[in-house]
Amino acid sequence: MASRSFLRSLEKGQILNALVEEVTSDREALCNFQGELLLISNQTGKKLKKGDPVRLQVLSLYPLQFQIFDGRGSQFKRVI
């Protein structure tokens with residue numbers, strides 16, 4: 001999972017280009033950003049597949065929340 005130093009380095013508004021490593025359920029996926037793994041909750045209704053590129057924008061740091069950066073406002077949340 002993501003290291004503490006990586007999590008502390010995140011900034012609000014930052015965009016992460018990640019890849020889906022594993023889909024654990026219809027509502028959860030494990031994403032890889034430069035070797036850091038993020039378990040996210042998929043609240044978009046969009047099905048993800050292993051290898052899908054995902055652009056995540058950091059919405060907030062406490063609690064850590066992301067949204068898909070595609071202009072549609074679909075949200076993902078870190079669930080670790």
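The values are calculated or read from the model by the stated rules, or taken from the named source; none is laboratory data. What you are looking at is a predicted structure, and each value in this text was computed from that prediction instead of being measured. Cβ coordinates were reconstructed from backbone atoms using ideal geometry, including for glycine residues, and neighbour counts include every protein chain displayed. Side chains included, ligands, DNA and RNA excluded: accessible areas come from the protein's heavy atoms. Shrake-Rupley method; radii C 1.70, N 1.55, O 1.52, S 1.80 Å.
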Criterion (in contact (Cβ under 8 Å) with a residue 40 or more places away in the chain and surrounded by 15 or more Cβ atoms within 10 Å (Cβ to Cβ)) met by exactly one of A18, A29, A2: A2
Per-region count, the stretch 47-80, residues open to solvent by 70 Å² or more (accessible area, probe 1.4 Å), of a type in the set (D, E, K, R) and modelled with pLDDT of 85 or more: 4
